[in-house]
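Engineer: One structure is given below, represented as structure tokens, and several questions about it will come after.
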Amino acid sequence: MRLLDTADNQMPLRFLAYGWGAVGANDDDVDDSSMPWSTESEFLGEFLPSNGFDAVPCLGVATTLDELMEAHDALEIARPTMPYHIDGVVYKVNSTTLQNSLGADARQPRWAIAHKFTAMSGVTTLRAIEVQVGRTGALTPVAVLDSVDIGGASISRATLHNFDEIARKRLKIGAQVVVERAGDVIPRVVSLAGDDLEEASAMDPDAKPLPEWLPPTRCPDCGSSVARAPLSSSKGAMGSIVRCTGGLQCPSQSMERLLHFCARDALDIRGLARGTLETLHSEGVVKTPADIFTLERRFGPQSGAEVPSWWRYAGVKNSKGEIKQGSDGLKQSALKLFSAIELRRKGVPLYRFIYALGIPNIGAHTAKVLATHYGTLEAFKKAALAAAKGGPESLASAALTAIDGVGPVLTQSITEFWAERANARIVDEILATGVVVLDAKVGKAPKSQASRPALTSQTPAPADASAAPSITAPSQLPTAQPMEKTMEVTDLNSMKIVFTGSVDDMSREDVHDAIERHGGVVQSSISSKTACVIAGAGAGPSKLTKARELGVPVIDARTFLDAIASGRPVPLK
């Protein structure tokens, strides 16, 4: 176990189980009907203890709201005496059958909800206010505090959200303030410790009146002017936000945008972690996203350029401690990074690219919604520019706003992003390096890419014939046996596909991306409506058994992925 402080190694470590994910070879290899429990209370109270696990206490089974509140209040009273920190109660539907029926949304299960306790708080002195610059240019004030212990954590910094909050709470340097940990995690300044800053209760009675703290008029990182824009939500106006106008010339914005561009939900370029990216950025090697895709051309083995110190293979010491000569080539990590970048250049799913652009307020889920709706990057850009040109009252803007999950706030973010010429130029520079953004809506790659191949089947068709793909015999194969079938990959549009196991050099998300960009719908469990199962190394035995029982074709994962790229027929297991 990795520890930030080795002294923690002396502390006893306990694990208390509170839920289950997968029982089997893979994360998605779950069949709740085969579980030895039918309720949450059975799992916590019987299954876990009988199998040697310490379990989080089950407070009981309630049938009324009053019983839920009583359990919550009782645990909050007992909270200080517990041997570990807790921040609330989780209410769960007890029946696992009902849990499966309720399912989950993009963020959380629909059958569970958290009820937090009142946040723990403490009083300390506000010593300074620092200003941080985020990837979108937003300036965020952060309180620097005298260290105070809250719920077992030492707090010396806390968020102030925005500059209007500082004025509303009448905060001044040197004042006594109340700090709490929201959800027992994120520290924030709640208020002054006294009724009024001018009263002695708010600060040392012998102290002189404290000066007003004024927000910056220039970006603390690049010196550019700042602009103020209103903050709004579904509840209406909620203050304003101050942004740096420097764009990518601002070091903080440039760095944070690059980190977001390479993040896991964005391009997910392996080997390009924060430390590496910060080095490349500080050395002036990578300033914009497009620079990432020219790294190999500038510094690769064929470039003829001097190898930068951070990628130079320094050599290996011999038994005498001497450095062997002639080993000043590229490190293996650099070569792996170049390969990962090249892999992404050949195909980026549209939703990942939209999310990677860092459009304010556009999360990974909304990026998928937009990708599915528009299908191509060009269509998305065209719609956004039309809305920007027509204004908020135009039909183009109304059409964008009407997309499920978008609304007026996100519409404004999208139109402002594409209307800014600097942003459009950045996108053009990325595409000019040869990056291929894969179409989404039509269920295939752009027209310049190879068409999809056929899949060959040697297993019975699905039990539900209406769910099966069309069957034809490919001319390049010998005469088929009675059970031999073929399945066209071009029919993947809306086909339900299950992936199980693993594939070397690819994450589960990468495999899902490959299926989805060819029009398939990824499922976690097999049913009679499943079109096929893609099986990798260590495929879940229960999934393979269920596929055989239902007559669902099973395709080797590596063969399937290679066939998509090359256009070959795919033999099935």
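Engineer: Which residues, taken from the range 393-419, are exposed (fewer than 14 other Cβ atoms within 10 Å of the Cβ) and without any contact (Cβ under 8 Å) to a residue 12 or more places away in the chain?
Structural biologist: Correct list: E393, L395, A402.
Engineer: Condition first: of a type in the set (A, V, I, L, M), surrounded by fewer than 13 Cβ atoms within 10 Å (Cβ to Cβ) and within 30 Å of A175 (Cα to Cα). Can you find one or more residues in the range 101-115 that meet it?
Structural biologist: no
Engineer: Considering (1) in contact (Cβ under 8 Å) with a residue 40 or more places away in the chain; (2) among the hydrophobic types (A, V, I, L, M, F, W, C); (3) in a strand (DSSP E or B); (4) within 22 Å of S252 (Cβ to Cβ), say which one V144 fails and leave the rest.
Structural biologist: (1)
Engineer: Could you pull out the residue among A480, A473, A565 that is modelled with pLDDT under 75, in a helix (DSSP H, G or I) and surrounded by fewer than 21 Cβ atoms within 10 Å (Cβ to Cβ)?
Structural biologist: The unique qualifying residue is A565.
Engineer: Shifting gears a bit: What number goes with the only condition from (1) more than 22 Å from T136 (Cα to Cα); (2) touching a residue at least 40 places away in the same chain (Cβ under 8 Å); (3) outside any helix (DSSP H, G or I) that T372 does not pass?
Structural biologist: Just one mismatch for T372, condition (3).
Engineer: Right, here's the next one. Considering only residues that are of a type in the set (A, V, I, L, M) and either in contact with a Phe, Trp or Tyr (Cβ under 9 Å, 6 or more places away or on another chain) or within 24 Å of G375 (Cα to Cα) (or both), look in the range 514-538 and name the one that is modelled with the lowest pLDDT.
Structural biologist: A514
Engineer: Out of everything in the range 372-392 that is surrounded by fewer than 19 Cβ atoms within 10 Å (Cβ to Cβ) and of a type in the set (A, V, I, L, M, F, W, C), what residue ends up being nearest to L267 (Cα to Cα)?
Structural biologist: A379
Engineer: Identify all residues within the range 509-546 that are buried (at least 19 other Cβ atoms within 10 Å of the Cβ), among the aliphatic types (A, V, I, L, M) and without any contact (Cβ under 8 Å) to a residue 60 or more places away in the chain; write none if there are none.
Structural biologist: The answer is V511, A514, I515, I526, V533, I534, A535, L544.
Engineer: Considering only residues that are of a type in the set (D, E, K, R) and farther than 16 Å from F261 by Cβ, look in the range 345-371 and name the one that is surrounded by the fewest Cβ atoms within 10 Å (Cβ to Cβ). Full working, then the answer.
Structural biologist: At the first step, the residues of the range 345-371 found to be of a type in the set (D, E, K, R) are 345-346, 352, 368.
In the following step, the residues that additionally are farther than 16 Å from F261 by Cβ were identified as 346, 368.
Values: K346: 13, K368: 21.
Ranking the qualifying residues of the range 345-371, first place goes to K346.
Engineer: State yes or no: is A229 assigned to a strand (DSSP E or B) and either over 29 Å from the mean Cα position of the chain (by Cα) or modelled with pLDDT of 70 or more (or both)? Even if it seems obvious, please write down each step before you answer.
Structural biologist: Working: assigned to a strand (DSSP E or B): yes; either over 29 Å from the mean Cα position of the chain (by Cα) or modelled with pLDDT of 70 or more (or both): yes.
So A229 passes the test.
Engineer: Taking the options R79, R157, R127, R107, name whichever one is part of a loop (DSSP other than H, G, I, E, B) and either over 27 Å from the mean Cα position of the chain (by Cα) or not acidic (D, E) (or both).
Structural biologist: Just a single option satisfies the conditions, and that option is R107.
Engineer: Filter the range 250-280 down to the residues that are under 22 Å from M506 (Cα atoms), of a type outside the set (G, A, S) and in a loop (DSSP other than H, G, I, E, B) and list them by number.
Structural biologist: C262, R264, D265, L267, D268, I269, R270, L272
Engineer: Test R243 against the stated conditions and say whether it is buried (at least 16 other Cβ atoms within 10 Å of the Cβ), at pLDDT below 85, under 20 Å from V409 (Cα atoms) and not acidic (D, E).
Structural biologist: Yes: the conditions hold for R243.
Engineer: Also, I was wondering about something else. In the range 250-287, what residues are buried (at least 16 other Cβ atoms within 10 Å of the Cβ) and of a type in the set (S, T, Y)?
Structural biologist: Within the range 250-287, S252, S254, T276 meet the criteria.
Engineer: Can you list residue pairs whose Cβ atoms sit under 9 Å apart, with the first residue in the range 34-57 being more than 18 Å from K92 (Cα to Cα) and the second being among the aliphatic types (A, V, I, L, M) and not in a helix (DSSP H, G or I)? Count only pairs 6 or more apart in sequence or on different chains.
Structural biologist: Listed by first residue and then by second, the contacts come to S34/V23; P49/A55; F53/L16; F53/A17; D54/L16; D54/A17.
Engineer: Still on this structure, I have one more. I'd like to know if the range 116-131 contains one or more residues that are on the phi > 0 side of the Ramachandran plot and buried (at least 17 other Cβ atoms within 10 Å of the Cβ).
Structural biologist: Checking the range 116-131: not a single residue is on the phi > 0 side of the Ramachandran plot and buried (at least 17 other Cβ atoms within 10 Å of the Cβ).
Engineer: Given the options A440, A432, A463, name the one that is surrounded by fewer than 20 Cβ atoms within 10 Å (Cβ to Cβ), small (G, A, S) and at pLDDT 50 or above.
Structural biologist: Numbers: A440 fails: surrounded by fewer than 20 Cβ atoms within 10 Å (Cβ to Cβ); A463 fails: at pLDDT 50 or above.
Sole residue among the options that is surrounded by fewer than 20 Cβ atoms within 10 Å (Cβ to Cβ), small (G, A, S) and at pLDDT 50 or above: A432.
The values are calculated or read from the model by the stated rules, or taken from the named source; none is laboratory data. Being a predicted model, the structure only gives us computed values, none of them experimental. No Cβ is skipped: glycine too gets one built from the backbone with ideal geometry, and neighbour counts run over all protein chains shown.
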